[in-house]
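The values are calculated or read from the model by the stated rules, or taken from the named source; none is laboratory data. Given the structure is predicted, the values throughout are model-derived calculations rather than measurements. For neighbour counting, all protein chains shown are included, and Cβ atoms are generated from backbone atoms with ideal geometry for every residue, glycine included. Heavy atoms of the whole protein, side chains included, go into the accessibility calculation; ligands, DNA and RNA do not. Shrake-Rupley method; radii C 1.70, N 1.55, O 1.52, S 1.80 Å.
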Amino acid sequence: MYMNDLLTDTGIADLLLIFSVKSHLIAVRPELERLIHVDEERPRLTFVTCKGLVVVAKSECTPEGMWSVSGPGIGMRTPRPSPAELSAAALVAYEHARFPTPSAA
């Protein structure tokens with residue numbers, strides 16, 4: 001296998017993206033390091049919050065597959081996200097779960 005093959009292999013590219021998201025999340029919120037689980041088979045990243053599970057995953061098994069982030073207070077789908085976009089969306093869900101939602105008066 002040559003380096004060009006590795007760069008165009010969507011499985012490897014997907015894993016690089018997931019591990020980049022993990023690094024971004026831990027850089028901003030170090031406490032997430034012990035909570036984050038990476039499923040290398042899918043690829044998918046998950047972590048549990050007090051309000052539910054946050055999931056960053058590729059939705060479809062095609063090179064053009066959509067990526068999604070779902071969790072407390074967020075649901076997002078995008079075709080070609082950057083690690084920063086995915087981690088920012090996951091952080092929205094994490095922050096939403098950390099703080100109580102203000103109730104309507």
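General observations
- Filtered residue count, segment 34-43, keeping only those that are open to solvent by 80 Å² or more (accessible area, probe 1.4 Å) and either in contact with a Cys (Cβ under 6 Å, 6 or more places away or on another chain) or within 20 Å of Glu85 (Cβ to Cβ) (or both): 1
- Contacts under 7 angstrom Cβ, first residue in segment 11-29 being at negative phi, partner open to solvent by 40 Å² or more (accessible area, probe 1.4 Å) and assigned to a helix (DSSP H, G or I), 6 or more apart: Ile12/Leu6; His24/Ala84; Ile26/Glu33
- In segment 52-76, the residues that are at pLDDT 85 or above and surrounded by fewer than 16 Cβ atoms within 10 Å (Cβ to Cβ): Gly52, Leu53, Met66, Gly75
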